[in-house]
Amino acid sequence: MSSSFLQIPIISWMNIKNIPQRLGTSSVAVFGVACVVGVFIGVLSMATGFQRTMLKGGAEDVAIIMRSGATSEMASGLGYAQAQEISHLPGIVRDGEEPVSSPELYVVVDVTKRTTNTSANVPLRGVLSAAFTVRKNLKIVEGRTFTPGTNELVVGRAVQRQFAQLNVGDKIKFGSTEWTVVGAFEADGGLAESELWCDAKVLQEVYRRGNSFQTIRVKLDGADGMQKLKTGLASNPTFNFSAQLESDYLAEQSKPLTLFIKTIGWPVAILMAIGAIFGAINTMYTSVSTRTREIATLRAIGFGSLPVAISTLVESILLSLIGGVIGAVIVYLLFNGYTVSTLNFSSFSQVVFDFAVTKDLIVQGIWFAVIIGFIGGFFPAIRAANLPIATALREV
Amino acid sequence: MTAQAVNKSAIGSTLVELKSISKHYRKGKEKVNVLNELNLTINRGDFLALMGPSGSGKTTLLNLLGGLDKPSSGELIIGGARLDQMSNSQLTRWRAQNVGFIFQFYNLMPVLTAEKNVELPLLLTNLSSAQRKKHVAAALSLVGLSERADHYPNELSGGQEQRVAIARALVSDPQILLCDEPTGDLDRTTADEILNLLQTLNQQQGKTIVMVTHDPRAADHAKTILNMDKGRLV
Ligand SMILES: Nc1ncnc2c1ncn2[C@@H]1O[C@H](COP(=O)(O)OP(=O)(O)OP(=O)(O)O)[C@@H](O)[C@H]1O
Ligand SMILES: [Mg+2]
C-alpha cells in the first residue's frame, strides 16, 4: 500500500496541528512524562556522579595492599616491619633505590557539613611523602603541603567546599587535638578530594597507633607487576595480605551505594512511569474522541485504519518526547554538577561528588519517554482504528 | 420496487442495485429494524433525492451505498462490485476509488487549507504531487472557489465550505456522489447555489448523485425523488 506513506504524515500532521485545541489534556501527558523522565535522570545522575567520582580516583597501575579479608581500608592493618618487607617485593616501580610505595593510615573524623550544620564522618589519611608520588594527579592548588611532624592538614577541594572550618588558615579540633589547615589539593575530581591528609607519623601518635599502618599503595612495574606482587605476597607464609588494583578496589567500594540508589531509583521511576502512562492513555483517548468526526470523515474518504492508528501513536510519542526533553533539560539545568556529599556505606565515610547528567542518561531518559508514549498511545490508537464510521459520523 | 419516480429522465446503464436489503441494529436484546427488504436500482447519471420523515432510514441507506456500513442481509451491487461481501479493508479501498461524500456540516479538516482539504482523496491515489495540484485546481475552479484555495475552513462561509467539500468529493472522479442533507445548514439563497452546483455536475459531468434531504425545494433539483418511511421505500 504505497498510499500509507502519504496517509500517515498527513494525518499525523493534522493531529499535531490540532494539539493547541486540546492544550489542557495534552499538557497533562507532557507534564507527567516530564516528571518521570526528570526523576529517572535525576536519580540515576546521582548514582552516575557518585560512581564517576569513585572510579576517577582509581589508577590502574597502582595496587592497594590490605590485610586479607578486609573490605575497606579502615578494617586493614599492618606493622612497620611488614610494610617495609612488602615494599621491597618484586613488581613495584623503583625511584632510584627506593620503591614507590606509600604506607598509609586511614581514620574518620567528625566535621560539620555546611549545608545541614550536622557533623559527618570525613576520612583523615595519614601519609608519607610517597603518597604524592603514587597519586600522580594530585596537585596542591592553595597554600602548601603539611610540614612533617606538625599538626597540619591539607584538605581535598571537594570536602573543603562541603564542610566547615576547612579553609586554609582555619584551626579545627578532632577529639582533643587541634589541627591547622595549611593547603588544599585537587585530584581531577576523584575520591581523594573527599579526604583530609596529614603526616602519618603525627597521626600514629595522636591515634596511639605505635608504628603501624593500615594499607600500602604501590606503583606497579609494567603489565606483569601485579602478578609479580601477588606471587611475592603469596610466597611468604607469614604474610596475610592481598593486593588489588586501586581501580578495582574503588569500583568494588562504589557498588553498594550505587546499587542502593538504583534499587530505590528504578522502582520509583517505574511507578511514576505507570502513572504517566495512565495520563498519556487518558490524554490520547480524549484526543481520539475529540477527533472522532475528523477520523470518521477521513475513513469515509478512504483513509485506512492502520494510518489512523499509527498517527495516533505518533501524536502520543511526540507528546511524550516533548515531556521527556523538558524533564531532561530541567534536570540538567538543576542538577548537573550539583555537589553533594553522602555516606559511602563501604568506607563509613563521606564522599563528595557531583550529580552527573550524562549524555547516556539523557538518551536513556528520552527512550523511557518514547516507551511511555508508545504504551500510552497503544489502546487509544486501536480505538481510533476501530471507530465505527457510520456511528461516528452521526455524532455532531 | 416501489420507487415513486417523479422525473423519469434518467437513462443509462445500471450503477447501483439493492436486492432485498435489510439492516437492523441491536439495542441490548432488542432488534431494531431500520431497513426492510429494500429493492432499488439506480442508473448512471441519475440525480436521486431521498426524502422521508426523521428516523425512516435515509442516512442508514446512504451509508450502505457509500460502503460505510454493511447490510444485515441482501445483495448490494455497485458498479459490478458486491459491497455486501467485502471486508472492511476492501470497503475502505472501494470508498477511496468510487464514492464522494458530502455532509450536512461539511466535515472539512479545520487545520488544512481549502486546497489541502480537496487534495486529501488524491493522497490515496498514485498521482504525483504535480498531478494532484492540477486536479485540485480543476476541482476548486469547478466549484468556483479558486480564489480561496489557501483559506482555512474557519475563514470561509458555510456555502463556501460546502463548495470545498463538494470539490473534495469530486476530485478523485468517483462513480457516485452521496450527499446527506447537503443544504441542511445553509440559508435559502446559499442552499440554492449549492443545489444548482450539484445539478450542473449531474447534467454536465454526468455525475450520479444520491441526495438525502428534508427540503422539497431541494428535492426539486433532482431527477428522481424517492420517499422512505419506516425503513421502506414508498
Ligand atoms: N448505530 C445505531 N444503533 C441503533 N439504532 C440506530 C443506529 N443508527 C441508526 N439507528 C436508528 O435507525 C433509525 C434510522 O436512522 P437514520 O439516521 O437512518 O434515519 P434518517 O432517516 O436519516 O433520520 P434523519 O432524517 O433524522 O436524519 C433511527 O431510528 C435510528 O435511531
Ligand atoms: Mg439522517
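The values are calculated or read from the model by the stated rules, or taken from the named source; none is laboratory data. On a predicted model such as this, the values are computed, not experimentally measured, just so you know. Methodologically, a virtual Cβ is constructed for each residue, glycine included, from the backbone with ideal geometry; neighbour enumeration extends over all protein chains shown.
Do the conditions hold for B:LYS58, that is, is it of a type in the set (D, E, K, R), within 15 Å of ligand 2 (Cβ to nearest atom) and within 26 Å of B:GLY206 (Cβ to Cβ)?
Details: of a type in the set (D, E, K, R): yes; within 15 Å of ligand 2 (Cβ to nearest atom): yes; within 26 Å of B:GLY206 (Cβ to Cβ): yes.
Answer is yes for this residue.
Does the stretch B:37-52 hold any residues that are within 16 Å of ligand 1 (Cβ to nearest atom), under 18 Å from B:ASP220 (Cα atoms) and either touching a Ser or Thr at 6+ places or on another chain (Cβ under 9 Å) or of a type in the set (A, V, I, L, M) (or both), and which are they? I'd like the intermediate steps shown before the answer.
Restricting attention to the stretch B:37-52, the residues satisfying the condition of being within 16 Å of ligand 1 (Cβ to nearest atom) are B:37-38, B:40, B:48-52.
Those left that are additionally under 18 Å from B:ASP220 (Cα atoms): B:48-52.
Passing the criteria: B:LEU48, B:ALA49, B:LEU50, B:MET51.
Mind counting the residues in the stretch B:128-170 that are within 10 Å of chain A (Cβ to nearest Cβ) and either surrounded by fewer than 21 Cβ atoms within 10 Å (Cβ to Cβ) or among the basic types (Lys, Arg) (or both)?
At the first step, the residues of the stretch B:128-170 found to be within 10 Å of chain A (Cβ to nearest Cβ) are B:129, B:132, B:165, B:168-169.
Those still in the list that are either surrounded by fewer than 21 Cβ atoms within 10 Å (Cβ to Cβ) or among the basic types (Lys, Arg) (or both) too: B:129, B:132, B:168.
Counting residues in the stretch B:128-170 that are within 10 Å of chain A (Cβ to nearest Cβ) and either surrounded by fewer than 21 Cβ atoms within 10 Å (Cβ to Cβ) or among the basic types (Lys, Arg) (or both) gives 3.
Among the residues in the stretch B:82-91, are any within 27 Å of B:GLN204 (Cα to Cα), modelled with pLDDT of 95 or more and away from ligand 1 (no atom under 16 Å from the Cβ)?
As a first pass, look at the stretch B:82-91 and keep what is within 27 Å of B:GLN204 (Cα to Cα): none.
Within the stretch B:82-91 (the criterion being within 27 Å of B:GLN204 (Cα to Cα), modelled with pLDDT of 95 or more and away from ligand 1 (no atom under 16 Å from the Cβ)), the answer is no, since none of the residues qualifies.
Would you mind stating whether A:ALA280 is among the small types (Gly, Ala, Ser) and closer than 23 Å to A:ILE375 by Cα?
Answer is yes for this residue.
All but one of (1) under 30 Å from B:THR41 (Cα atoms); (2) part of a helix (DSSP H, G or I); (3) within 9 Å of chain A (Cβ to nearest Cβ); (4) touching a helix residue (DSSP H, G or I) at 6+ places or on another chain (Cβ under 7 Å) hold for B:LEU123; state the number of the condition that does not hold.
Only one criterion in (1) under 30 Å from B:THR41 (Cα atoms); (2) part of a helix (DSSP H, G or I); (3) within 9 Å of chain A (Cβ to nearest Cβ); (4) touching a helix residue (DSSP H, G or I) at 6+ places or on another chain (Cβ under 7 Å) is unmet by B:LEU123, namely (1).
For the stretch B:53-67, name all the residues that are more than 6 Å from ligand 1 (Cβ to nearest atom) and away from every other protein chain (no Cβ under 14 Å). Let's see the steps before the verdict.
Just the residues of the stretch B:53-67 that are more than 6 Å from ligand 1 (Cβ to nearest atom), to begin with: B:53, B:61-67.
Hit for the stretch B:53-67 is B:PRO53, nothing else.
Counting only residues that are in a loop (DSSP other than H, G, I, E, B) and small (Gly, Ala, Ser), which one in the stretch B:161-211 is modelled with the highest pLDDT?
Step one: list which residues in the stretch B:161-211 are in a loop (DSSP other than H, G, I, E, B), which gives B:171-175, B:181-187, B:206-207.
Within this subset, residues satisfying the condition of being small (Gly, Ala, Ser) are B:172, B:184, B:206.
Working: B:SER172: 94, B:GLY184: 91, B:GLY206: 91.
Among those residues, the one meeting the criterion is B:SER172.
Take A:LEU89 and tell me if it is of a type in the set (A, V, I, L, M, F, W, C), touching a helix residue (DSSP H, G or I) at 6+ places or on another chain (Cβ under 9 Å), in a loop (DSSP other than H, G, I, E, B) and crowded, with 21+ Cβ neighbours inside 10 Å. Spell out how you get there, then give the answer.
Values: of a type in the set (A, V, I, L, M, F, W, C): yes; touching a helix residue (DSSP H, G or I) at 6+ places or on another chain (Cβ under 9 Å): yes; in a loop (DSSP other than H, G, I, E, B): yes; crowded, with 21+ Cβ neighbours inside 10 Å: yes.
For A:LEU89, the condition - of a type in the set (A, V, I, L, M, F, W, C), touching a helix residue (DSSP H, G or I) at 6+ places or on another chain (Cβ under 9 Å), in a loop (DSSP other than H, G, I, E, B) and crowded, with 21+ Cβ neighbours inside 10 Å - is met.
May I ask you to verify whether A:GLU246 is closer than 30 Å to A:PHE146 by Cα and without any contact (Cβ under 8 Å) to a residue 60 or more places away in the chain? Steps first, please.
Values: closer than 30 Å to A:PHE146 by Cα: yes; without any contact (Cβ under 8 Å) to a residue 60 or more places away in the chain: no.
No, not satisfied.
For the condition of a type in the set (A, V, I, L, M), more than 14 Å from chain B (Cβ to nearest Cβ) and more than 30 Å from A:ILE10 (Cβ to Cβ), what is the one hit in A:VAL325, A:VAL370, A:VAL329? Before the answer, list the steps.
On the way: A:VAL325 fails: more than 30 Å from A:ILE10 (Cβ to Cβ); A:VAL370 fails: more than 30 Å from A:ILE10 (Cβ to Cβ).
After ruling out the rest, the residue left standing is A:VAL329.
Got at least one residue in the stretch B:62-70 being at positive phi, crowded, with 19+ Cβ neighbours inside 10 Å and within 13 Å of ligand 2 (Cβ to nearest atom)?
Of all residues in the stretch B:62-70, those at positive phi come to B:67.
Now drop any that are not crowded, with 19+ Cβ neighbours inside 10 Å, which leaves B:67.
Filter once more, keeping what is within 13 Å of ligand 2 (Cβ to nearest atom): none.
No - not one qualifying residue is present in the stretch B:62-70.
Of all residues in the stretch B:212-231, which are within 16 Å of ligand 2 (Cβ to nearest atom) and not in a helix (DSSP H, G or I)? Give the steps one after another, and end with the answer.
Of the stretch B:212-231, the ones within 16 Å of ligand 2 (Cβ to nearest atom) are B:212-215, B:218-219, B:226-231.
Listed by number, the residues that qualify are B:VAL212, B:THR213, B:HIS214, B:ASP215, B:LEU226, B:ASN227, B:MET228, B:ASP229, B:LYS230, B:GLY231.
Could you check, for the stretch B:105-116, whether at least one of its residues is over 19 Å from the mean Cα position of the chain (by Cα), away from ligand 2 (no atom under 16 Å from the Cβ), over 19 Å from A:ILE11 (Cβ atoms) and within 14 Å of chain A (Cβ to nearest Cβ)?
Applying the first criterion (over 19 Å from the mean Cα position of the chain (by Cα)) to the stretch B:105-116 yields B:110-116.
Applying the additional criterion that residues be away from ligand 2 (no atom under 16 Å from the Cβ) yields B:110-116.
Now narrow it down to the ones that are over 19 Å from A:ILE11 (Cβ atoms): none.
There is no residue in the stretch B:105-116 that is over 19 Å from the mean Cα position of the chain (by Cα), away from ligand 2 (no atom under 16 Å from the Cβ), over 19 Å from A:ILE11 (Cβ atoms) and within 14 Å of chain A (Cβ to nearest Cβ).
Go through B:ASP173, B:ASP187 for me and flag whichever is away from ligand 2 (no atom under 16 Å from the Cβ) and either more than 20 Å from A:ILE301 (Cβ to Cβ) or crowded, with 23+ Cβ neighbours inside 10 Å (or both).
B:ASP187
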